[in-house]
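Just so you know, all these numbers are worked out from the coordinates, no wet-lab data involved. Model, not experiment: these values are computed from the prediction. As a convention, Cβ positions derive from the backbone with ideal geometry for all residues, glycine included, and neighbour counts pool all protein chains shown.
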Amino acid sequence: MIKEAYGLSFGEDGASVTNMDVQFKNEGGTTLAYISSTADGNGVTKSLTLTVNMDFYANLNQTDVNGSTTTAGAGYLDRTIAHEMTHAVMRANITNMSALPKYIREGTAEFMHGIDDERKSTLAGLNFTDSIFSDESSDTPYAVGYAFLHYINKAGGHGEAMKRFMTVLDEKGGTAYDEAVSAATKGKYKTADEAKAAFLADYQSVKNNGGSNNDFYKAYCDIDLDNKDDTGSVMGSKSWNGDDENAENVVLEGMSTRFWYFPGGQTSTIQNLTVDWGEFSRPASGFKYQIGTKANQAINASFSDIHADALGLISAEGKTVQVTTRAEAKRALTRFDNAIEKVLGQITTIGALQSRMEYTVRNLTTNEENLTSAESTIRDADMAKEMSEYTKHSVLTQAAQAMLAQANQNSSSILSLLQ
């Protein structure tokens with residue numbers, strides 16, 4: 001999703017980080033989740049950590065693929081993760097990302113999944129002046145950056161505008177903000193300040209003519225706060241001229257939570273990113289094979305379910321993948337790709353287990369051969385000992401007989417002399 005929209009991923013040559021820790025904490029406050037990172041003296045990110053605030057997601061609906069919760073203000077977990085992963089991917093690829101203004105850092109993350117619904121009241125109530133771009137209070141920079149990037153995207157002709165924006169930042173770092181704006185708008189605006197001035201002028205023109213914020217958004221930003229069929233994401237119909245992406249479809253996943261319910265292990269590799277989940281409990285499953293002579297010399301073989309629901313191809317209610325519209329067909333292709341990737345992962349797991357078992361069999365065969373050889377050696381050594389004992393006794397017996405014969409001969413000689 002992020003790669004398709006922004007052209008950035010953890011698989012890029014310039015990605016400085018390909019590992020991320022995930023933590024689940026009860027932190028209170030109003031932050032749903034956040035990305036923390038460390039960087040070296042050159043502004044290159046060296047570590048990433050995603051923290052999810054479980055005060056909002058403790059009551060997660062485990063049958064809802066979008067991750068709904070009964071906690072007020074939380075929204076769908078998948079959209080929260082999409083927001084934070086945008087931060088993570090950008091930090092892994094853009095040096096000196098902190099040089100970018102906050103409204104751009106947060107705006108790009110909000111643009112990924114769209115906030116026409118979640119921040120509708122904030123967007124409707126903004127009063128755009130020059131000072132608003134430096135306002136970092138509450139959710140203002142999130143909404144301001146989102147609207148401004150929509151404006152840049154439309155000025156650049158939609159489509160690849162945000163990719164051009166990110167390409168400059170990827171190659172030159174966060175200090176190249178002006179160049180990024182110029183690239184995104186194909187030179188229409190040479191600097192960020194020039195783009196902001198045009199943004200404010202267009203806004204003021206609409207307001208002077210009695211228009212509302214939404215009138216300005218519809219005319220200049222591809223945002224329509226009254227359209228509930230599309231959240232305003234960078235890949236949606238408003239900004240990409242694509243298909244409507246509502247709150248449930250904007251972040252695409254399998255049709256069943258069984259597709260991703262438990263990680264296969266403590267770490268998972270997802271599109272070149274190795275995720276460390278930390279310690280977690282999961283239901284006991286699989287088979288345990290004893291492969292050695294000691295109690296702990298065993299391997300556990302567990303396999304994921306690959307029925308249709310576990311592959312994300314059918315919902316808990318029995319709804320299957322649909323291809324009746326272009327939008328549904330596109331989503332179906334993504335779901336099929338994900339299902340194939342999961343099956344291939346299981347094939348890899350089974351292959352690795354098979355290789356481990358074959359290695360164990362070869363090792364046991366070698367041990368058996370060595371044991372047989374050792375036993376033969378021991379038996380041969382015992383036979384030699386017995387033969388040695390037999391030879392010794394035979395020699396002693398023959399020597400005794402010779403000495404006795406010699407003694408008898410001597411006695412006979414003496415008697416002969418006496419005669």
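Relative to the longest principal axis of the Cα atoms of the chain, the long axis of helix 161-172 lies at roughly 60 degrees. Rounded to the nearest 20, the Cβ-based charge dipole of the chain about its Cα centre (Lys and Arg +1, Asp and Glu -1) stands at 740 debye. Rg then Dmax, both in Å and based on the Cα atoms of the range 138-245: 13.9, 43.
In bins 5 Å wide, starting from 0, what share of all Cα pairs of the range 48-167 does each bin hold, as a percent? P(r) for the range 48-167, in whole percents per bin: 2, 10, 18, 21, 20, 15, 9, 4, 1, 0. What is the magnitude of the charge dipole of the range 1-123 about its Cα centre, with +1 placed on the Cβ of each Lys and Arg, -1 on the Cβ of each Asp and Glu, and no other charges, expressed in debye to the nearest 20? My answer is approximately 240 debye.
Taking the helices alone, the chain has a mean residue ellipticity at 222 nm of -16000 deg cm²/dmol, built from -39,500 (n - 2.57) per DSSP H run of at least 4 residues and averaged over all its residues. The antiparallel fraction among DSSP beta bridges confined to the chain stands at about 70%. Inverting the pair-averaged 1/r between distinct Cα atoms of the range 43-114 gives 13.5 Å as its Kirkwood hydrodynamic radius. Taking other Cβ atoms within 10 Å as a rough exposure proxy, S36, S373 sort from fewest to most as S373, S36. Taking other Cβ atoms within 10 Å as a rough exposure proxy, K228, K163 sort from fewest to most as K228, K163.
Computed over all pairs of different Cα atoms, the Kirkwood value for the hydrodynamic radius of the chain is 26.5 Å. If the segment from K188 to T324 were pulled out straight at 0.36 nm per residue, it would be longer than the present Cα-Cα gap by 44.9 nm. Taking label positions 7 Å along the Cα-Cβ direction at both R362 and Q290, the computed distance is 2.5 nm, reported to one decimal. Between the helical axis of 192-208 and the longest alpha-carbon principal axis of the chain there is an angle of about 40 degrees. Among Y217, Y177, Y146, the ranking by other beta carbons within 10 Å of each residue's beta carbon, starting with the fewest, stands as Y177, Y217, Y146. Amide H contacts of Q23 (H built 1.01 Å from N, in plane; Pro and chain starts excluded): L50, T51, V52 sit under 5 Å, all sequence-distant by 5 or more or on other chains.
Can you pull a Stokes-Einstein diffusion coefficient for the range 138-199 at 4 °C (1.567 mPa s), Rh from Kirkwood over Cα pairs, as a whole number of µm²/s? So the translational diffusion coefficient is about 113 µm²/s.
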